[in-house]
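Have a look at the structure below, then the notes.
The values are calculated or read from the model by the stated rules, or taken from the named source; none is laboratory data. Please read these numbers as outputs of a predicted model, since none were measured by experiment. So basically every Cβ, Gly included, is an ideal-geometry build from the backbone, and we count neighbours across all protein chains shown. Accessible surface is based on the protein model in full, side chains and every heavy atom, while ligands, DNA and RNA are left aside. Shrake-Rupley method; radii C 1.70, N 1.55, O 1.52, S 1.80 Å.
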Amino acid sequence: MSSVAITPQPKTSEAAVSAAAGVGRAERVKRRLTSPWATAAAIVIAVLWTIPTFGLLLSSFRPAEQISTSGWWTFFSDPQLTLANYGDVLFSGSASSPQLGEYFVNSLLIAIPGTILPLVLASLAAYAFAWVKFKGSGTLFVVVFALQIVPLQMALIPLLQLFVTFLQPFQNALHDAVPFISERQFLPVWIAHTIFALPLAIFLLHNFISEIPGEVIEAARVDGAGHGQIFFRIVLPLAMPAIASFAIFQFLWVWNDLLVALVFSSGTPDTAPLTQRLAELAGSRGENWERLTAGAFVSLVVPLLVFFGLQRFFVRGLLAGSAKG
Amino acid sequence: MTTMDLIGKVLQAVVGLAAFGVVMALLLAFLDREDGAERKGFVASLRDGWRPRAIIAAAFVLIAVLARVLYGVVPWMTQQLTNTLILLGIAGVVGVVLQLLLDRALQPASPAVRSAAYRLVGAALVAVAVVLLPMGESGALPMLDWVTPALAQAATIVGWPLVGALVVTAGVAFAPNGVRRSLRLVVWLVAAAAVVVSATVLEGGQEQPIGVWPWAFAAALGIAGVLGFLADHDDDSKPMLVFLIPAALLLTVGLVYPAVRTAILAFTDKTGTFNGVDNFVWMFTQPEALVTLANTVVWVVLVPLLSTAIGLAYAVFIDKSRGERFYKMLVFMPMAISFVGAGIIWKFMYAYRGPEQDQIGLINQLITLFGGQPQQILQNSPWNTLALIIVMIWIQTGFAMTVLSAAIKGVPVEQIEAASLDGANPWQRFSNVTLPGIRSSLVVVVTTISIATLKVFDIVRTMTAGNFNTSVVANEMYTQAFRSGEPGRGAALALVLFLLVLPIVVYNIRVLNQQKAIR
Amino acid sequence: MKHARRVGLPLGIAGVTALALTGCVGDTAPSSSESPGAAPSGDCAEYADYGTFEGAEVNVYGTILDAEAERLNESWAQFEECTGIDVVYEGSAEFEAQINVRVQGGNPPDLGIFPQPGLLASVAGTGALLEAPEGVAANAQEFWTEDWQNYGTVDGTLYGAPLMASVKGFVWYSPSVFEENGWAVPTTLDELDELTASIAESDVTPWCVGFGSGEATGWPGTDWVEDYVLRTAGPDVYDQWVAHEIPFDSPEIATALDRVGDLIKNPDYVNGGIGDVSTIATTDFGEAGLPVLDGTCAMHHQASFYEGFWPEGTTVAEDGDVWAFLTPGTEAGAPAVTGGGEFVGAFSDDEEVVAVQTYLSSAEWANSRVSLGGVISANSGLDPENASSPLLQSAVEILQDEATTFRFDGSDLMPGAVGAGTFWTGMVDWISGGDTQSVLSTIEQSWP
């Protein structure tokens, strides 16, 4: 029942297929690749993947006591909607724990640098591993790759020690110098996210950057371009789709992270992200989970916007640019 | 939230990103500098001319003057900040002058002499700082009364090895090429060791532990040495320094050091004393331990396989269809939900009520609809592990689909055209053209999902807390290290996790080498 | 021109140097101006002893969240205003794990509100926790019984005074349903068994139970066991059991567990309004008692804080929708209760931290917090009238009654590996069909 509402009916796709028959190379290829069975299978997968989230969405609009006594599908026979859960989550502010908006800002201010910093560093490093020949390059790359498996949990305490020793004096000095910057800052969270993202980012970007045809880079070098120029003028534009896709994933991971925030953010409204606040809203014994249903959707909005915003990059194809060059 | 708070926060991000950008730009400028005689533009004039130096020196003077003038006028210009800025001004002007004098004096000299001279001057500057800072701390220099004992100590521990290393490498500058490289590497490594040794010795004599920073400095010196060694080899690899140093530093501090620490921790008990392989004995004698290991293996086999397969199929099916973006969004959506959110969603799906009551979980509703008995899905081993695995697949398919869909679009249309002209059916076109075309992306996806699967613990923790034979190694590790206060056992489990990943690493290295061989 | 510049540079250097020598500001420079602060609105006389600390900040970290955290902040608002200390509270559901991370990472809060003495002891064992300052020790002496003081004491050193308290072992029921069916509140455990049997003959299921609580699933089971051990084996055995002076799987414990099993593993007695025995392990403890309201379940065993779990509009009173009696002893009279509470440990001995810690251990704070509602304290300076509901008033009276034998929740006192580990999972195994003896010996083996 829900599938009708949220996915296009099979007919539409079939109609599209028959309409596309004929002109254009891409159109012809498409016709041959798409069979009714494939379309049907795609729709089945899409429905299966959507139902759980859809159920949660409906639940988040249902009165708290109904959520735990009847299934969400009973909504269709007995529609009762309330915005109380969202009201709870969005506007239950007070002096010590303000409304959600402030945490939203924090989440953004953590996630944006937490995405940009590792991406810049990783794309530089990936370029070095892929296109700068030096002794031990292979070994070093394997080491970086293997670092992916160092469990986050095991790195928390040593990193916190380092931050307390090195970063805290600096942060306090900054606060003394510019009083309206709190001494509880985002810096440790950014650095932590950057560090934890680097191995995977270098590994993924290396894979794409190393597939850029060697002739393109050789040609640039013959023309006398330095590594910096090659990186900015050739590698970066060509790797943009890969960088954009990784940016989406990294943004999601940072946005949804709770563990790193628990350790490295202060937990106060100064720096705590949305996830930390939502975990608190759930209550110390996890009893208020009707709030969690609404909270989950509040925090879902931004990642989806990012996905839509960056999608055009990888729809173009990861290697579309290099194929032309 | 007051406006000031908001400004403070946004300022942090803006200043932080700007500072990062400036540092990276400077590094890249350094990278593209040219060693030859040809000098152009501002960078060149910086080397030759008076004007840029005068401007820079004036800027430093201005900073110092401004600091002095603003002191007492605006509240945020504290005494400490004023002093720091004035010192910065002096240091800046001195630096500009020194650089000018050296540059002038050394212009006719050979590269070896130049390198040696720069190193010696650097050593002298560090030495001055190392001498001055403790004096400031003891109160002998009023200007430096802000120096803390810790800072003075740090200067001593790190400064002298650095001075030594600079002086010795200056001497080595005149040695023949091959010897010079090796000697420099040795010197830097010795300096790194000296930092650690002197820190350890000093730590023994005082109550307050020095902490981990000497290790960080030692690591930095070591990295500088190794990278310098590599970069010295031929001119082409020099830029690597710029490209790798930031990442290498962060990784060493944030991951290599914790990894080493974990490896040591695995052989200690909770008081930190060495206890041999006790932790591993504990692990393999616990009745649940084998179940935990077996579960982990099931997870790491099923999740990557199924989510990649489904993601690939979906990507192929919807490729170039109308509404592709919308379709993608549907399967991508679980990726955008946090693990905790996913846990709630699926608890809903699996919820159980007695047969005589209304079901609130969809799965049990369907079971009863078809006349079955409602099941305790999260409780009935071994099916409950499968139920948890489904959650992970549900999340990771979006990742596989997104990456693979992009890869499919990268397969040249001409090749598919050619194959279909040869009479290949859709399946043949897929397996002969598309699949080989996206092979490397497939490897990446499977690898990434495998590693993510091994590390995942949120799902298990929120849905069953590892009860009912569903625990996995990562969950057990968290429980032991943070809840039960047994960091040694947690570390031992982390080592086991590492062993489980080793095959994946080895396979990827092989693929990597094959690619290198082709290129 | 060139000549001029050559002169200019050294001049500049000289200028900066001169500035530095004359301009570096010494101690006489004006320090940041201290504002006298807004005039306190309330009466600050009673806070005068704590002193004033303009601009000081004290970080407090604990498990208390959301609305409870609000009230906590409210409870010391007046204190903050009068002393000038800014008390910054941070609550986290991950406190138990995170406090270890922060202590080991060198970034502990100023004060920690420990929900379990066992955790307080293990953190004290790392040497990070500071001995309670004099004022706190004096308050602890004055306002708390020796039992309570001992829970904040490790190896003879007092580390923290208790904060709030909860009384466990209440049995929630619907007075009207009891009245209609002619059931009487039992005064001994045997009577409770008889009552259970007679309820089972009606069409109401006697008990509804839920062990589910996310990653802490199983703890409601430990409360059952502790209540029964304390009552059937007595406080001495209870102490020995908790301190591991007798094995975890001693016969006394097995007897107590079996007696719990007689009630909640009997398919005829559970799981009212929810399902069969197998539902206990996964039913969320917060929802488990709700069937009491609609009459599908007669009794629900849960601590005093369950008062806050009833849906809005439920009256909790002796003649209201729900009410609770204390799990009876083997004999009538002489109540024995288990309970829980928090302890405030300090990681800093700065004066403002000491002031806050001392205030939190005082009777003033206890009255201030309790009158905001929802909780009680075992502080003897607390006026029971301040408790926000009849149930809480009765709980305060139980705690302050000289005749009451009070014992702290045993799982909170045991080492984390057991008390927050195998004891929980063991209860889940047991209720899912595990045999009493093997479950107990598995827990015994895991004792570190």
Quiz item: Somewhere in segment C:399-412, is a residue surrounded by fewer than 19 Cβ atoms within 10 Å (Cβ to Cβ) and under 22 Å from residue C:64 (Cβ atoms)?
Solution: no
Practice problem: Confirm whether residue B:285 is over 28 Å from residue A:299 (Cα atoms), within 14 Å of chain C (Cβ to nearest Cβ) and open to solvent by 20 Å² or more (accessible area, probe 1.4 Å). | Solution: yes
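Applying the selection to segment B:386-419, what residues are of a type outside the set (Asp, Glu) and farther than 18 Å from residue B:442 by Cβ?
Taking segment B:386-419 and keeping what is of a type outside the set (Asp, Glu), we get B:386-413, B:415-416, B:418-419.
Passing the criteria: B:386, B:387, B:388, B:389, B:390, B:391, B:392, B:394, B:395, B:413, B:418, B:419.
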Practice problem: Those residues that are facing another protein chain (nearest Cβ under 8 Å), within 19 Å of residue B:461 (Cβ to Cβ) and touching a residue at least 40 places away in the same chain (Cβ under 8 Å), I need them from segment C:407-423; list them, please. | Solution: C:416, C:420
Self-check item: From A:170, A:196, A:166, residue being in a helix (DSSP H, G or I), in the same structural domain as residue A:218 (by TED's automatic domain parsing) and touching a residue at least 40 places away in the same chain (Cβ under 8 Å)
Solution: A:196
Quiz item: Restricting to helices (runs of 4 or more DSSP H) lying wholly in segment B:411-519: which have 1 or more residues that are modelled with pLDDT of 85 or more and crowded, with 22+ Cβ neighbours inside 10 Å?
Solution: B:439-455, B:458-463, B:473-478, B:487-518
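Taking the conditions exactly as written (open to solvent by 30 Å² or more (accessible area, probe 1.4 Å), among the hydrophobic types (A, V, I, L, M, F, W, C) and under 30 Å from residue C:431 (Cβ atoms)), does residue C:325 satisfy them or not? So that I can check it myself, show each step before the final result.
Numbers: open to solvent by 30 Å² or more (accessible area, probe 1.4 Å): no; among the hydrophobic types (A, V, I, L, M, F, W, C): yes; under 30 Å from residue C:431 (Cβ atoms): yes.
It is false that residue C:325 is open to solvent by 30 Å² or more (accessible area, probe 1.4 Å), among the hydrophobic types (A, V, I, L, M, F, W, C) and under 30 Å from residue C:431 (Cβ atoms).
I'd like the full set of residues that are more than 8 Å from chain B (Cβ to nearest Cβ), open to solvent by 30 Å² or more (accessible area, probe 1.4 Å) and modelled with pLDDT of 80 or more, limited to segment A:176-207. If you could, list the steps in order and put the result at the bottom.
As a first pass, look at segment A:176-207 and keep what is more than 8 Å from chain B (Cβ to nearest Cβ): A:183-184, A:188-189, A:193, A:197, A:201, A:205-206.
With open to solvent by 30 Å² or more (accessible area, probe 1.4 Å) added as a condition, the list becomes A:183-184.
Result: A:184, single match.
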Quiz prompt | Members of segment B:165-186 found to be more than 15 Å from residue B:224 (Cα to Cα) and either at pLDDT 80 or above or crowded, with 17+ Cβ neighbours inside 10 Å (or both), listed by number | solution = B:167, B:168, B:170, B:171, B:172, B:173, B:180
Exercise. Given the conditions (1) open to solvent by 10 Å² or more (accessible area, probe 1.4 Å); (2) under 19 Å from residue C:164 (Cβ atoms); (3) of a type outside the set (Asp, Glu), report the number of the one that residue C:107 does not fulfil.
Key: (2)
Quiz item: So residue A:117 fits all but one of (1) open to solvent by 20 Å² or more (accessible area, probe 1.4 Å); (2) in contact (Cβ under 8 Å) with a residue 24 or more places away in the chain; (3) out of contact with any helix residue (DSSP H, G or I) (no Cβ under 6 Å at 6 or more places or on another chain); what number is the exception?
Solution: (3)
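Does residue C:97 fit the bill of being within 11 Å of chain A (Cβ to nearest Cβ), open to solvent by 10 Å² or more (accessible area, probe 1.4 Å) and modelled with pLDDT under 85?
Numbers: within 11 Å of chain A (Cβ to nearest Cβ): yes; open to solvent by 10 Å² or more (accessible area, probe 1.4 Å): no; modelled with pLDDT under 85: yes.
It is false that residue C:97 is within 11 Å of chain A (Cβ to nearest Cβ), open to solvent by 10 Å² or more (accessible area, probe 1.4 Å) and modelled with pLDDT under 85.
Could you list, in sequence order, the residues of segment A:154-175 that are open to solvent by 20 Å² or more (accessible area, probe 1.4 Å) and polar (S, T, N, Q)? Talk me through it step by step, then tell me what you get.
Filtering segment A:154-175 for residues open to solvent by 20 Å² or more (accessible area, probe 1.4 Å) gives A:161, A:163-170, A:172-175.
Scanning segment A:154-175 gives A:161, A:165, A:168, A:172.
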Exercise. For segment B:301-315, indicate whether the set of residues that are part of a helix (DSSP H, G or I), within 12 Å of chain A (Cβ to nearest Cβ) and in contact with a Lys or Arg (Cβ under 9 Å, 6 or more places away or on another chain) is non-empty.
Key: yes
Exercise. Taking the options B:296, B:262, name whichever one is within 12 Å of another protein chain (Cβ to nearest Cβ), polar (S, T, N, Q), closer than 15 Å to residue B:477 by Cα and touching a residue at least 12 places away in the same chain (Cβ under 8 Å).
Key: B:262
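Name every residue in segment C:271-290 that is among the β-branched types (Val, Ile, Thr), in a loop (DSSP other than H, G, I, E, B) and in contact with a Phe, Trp or Tyr (Cβ under 8 Å, 6 or more places away or on another chain), in order of residue number. Steps first, please.
Residues of segment C:271-290 among the β-branched types (Val, Ile, Thr): C:274, C:277, C:279-280, C:282-283.
Among the residues that remain, those that are also in a loop (DSSP other than H, G, I, E, B) are: C:274, C:280, C:282-283.
Matches in segment C:271-290: C:280, C:282, C:283.
Would you point out the residue of segment C:369-424, among those that are of a type in the set (S, T, N, Q) and assigned to a loop (DSSP other than H, G, I, E, B), that is nearest to residue C:335 (Cα to Cα)? Step through it out loud before you land on a result.
In the first step, residues of segment C:369-424 are kept if they are of a type in the set (S, T, N, Q); the result is C:371, C:377, C:379-380, C:386, C:388-389, C:393-394, C:400, C:404-405, C:411, C:422.
Now restrict to residues that are assigned to a loop (DSSP other than H, G, I, E, B): C:371, C:377, C:379-380, C:388-389, C:404.
Details: C:371: 26, C:377: 18, C:379: 19, C:380: 18, C:388: 23, C:389: 21, C:404: 5 Å.
Only one residue fits best here, namely C:404.
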Practice problem: Would you check if there is a residue in segment A:154-162 being at pLDDT 85 or above, under 22 Å from residue B:449 (Cα atoms) and away from chain C (no Cβ under 14 Å)? | Solution: no
Quiz item: Does residue A:151 fit the bill of being under 30 Å from residue B:474 (Cα atoms), within 14 Å of chain C (Cβ to nearest Cβ) and within 23 Å of the chain's Cα centre (by Cα)?
Solution: yes
Quiz item: Which residues, counting only those in segment C:65-107, are among the β-branched types (Val, Ile, Thr), within 16 Å of residue A:266 (Cα to Cα) and in contact with a helix residue (DSSP H, G or I) (Cβ under 9 Å, 6 or more places away or on another chain)?
Solution: C:87, C:99, C:101, C:103
Self-check item: Residue satisfying all of: in segment B:338-362; within 32 Å of the chain's Cα centre (by Cα) and within 11 Å of chain C (Cβ to nearest Cβ); nearest to residue B:388 (Cα to Cα) among these
Solution: B:343
Quiz item: Does residue A:151 meet the test of being buried (at least 22 other Cβ atoms within 10 Å of the Cβ) and not basic (Lys, Arg)?
Solution: yes
Quiz prompt | Sole residue being at the interface with chain A (Cβ under 9 Å from one of its Cβ atoms), assigned to a helix (DSSP H, G or I), of a type outside the set (Gly, Ala, Ser) and free of Cβ contacts under 8 Å to residues at least 40 places away in the same chain, chosen from B:329, B:335 | solution = B:329
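Residues are listed down the side, and each one gets a yes or a no for (1) more than 10 Å from every other protein chain (Cβ to nearest Cβ); (2) within 28 Å of the chain's Cα centre (by Cα); (3) more than 22 Å from residue A:304 (Cα to Cα):
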site	(1), (2), (3)
B:364	no, no, yes
B:374	no, no, yes
B:380	no, no, yes
B:388	yes, no, yes
B:394	no, yes, no
B:397	no, yes, no
B:401	no, yes, no
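Of the residues B:91, B:19, which is loosely packed, with under 14 Cβ neighbours inside 10 Å, at negative phi and at pLDDT 80 or above?
Numbers: B:91 fails: loosely packed, with under 14 Cβ neighbours inside 10 Å.
That would be B:19, the only listed residue that is loosely packed, with under 14 Cβ neighbours inside 10 Å, at negative phi and at pLDDT 80 or above.
Report yes if some residue within segment A:249-258 is free of Cβ contacts under 8 Å to residues at least 40 places away in the same chain, under 20 Å from the mean Cα position of the chain (by Cα) and open to solvent by less than 10 Å² (accessible area, probe 1.4 Å); otherwise report no.
Step one: filter segment A:249-258 for residues free of Cβ contacts under 8 Å to residues at least 40 places away in the same chain, giving A:249, A:258.
Those still in the list that are under 20 Å from the mean Cα position of the chain (by Cα) too: A:249, A:258.
Then keep just the ones that are open to solvent by less than 10 Å² (accessible area, probe 1.4 Å); that gives A:249.
Yes, segment A:249-258 has at least one match.
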Exercise. Give just the number: which of (1) over 17 Å from residue C:368 (Cβ atoms); (2) under 18 Å from the mean Cα position of the chain (by Cα); (3) charged (D, E, K, R) does residue C:71 not satisfy?
Key: (1)
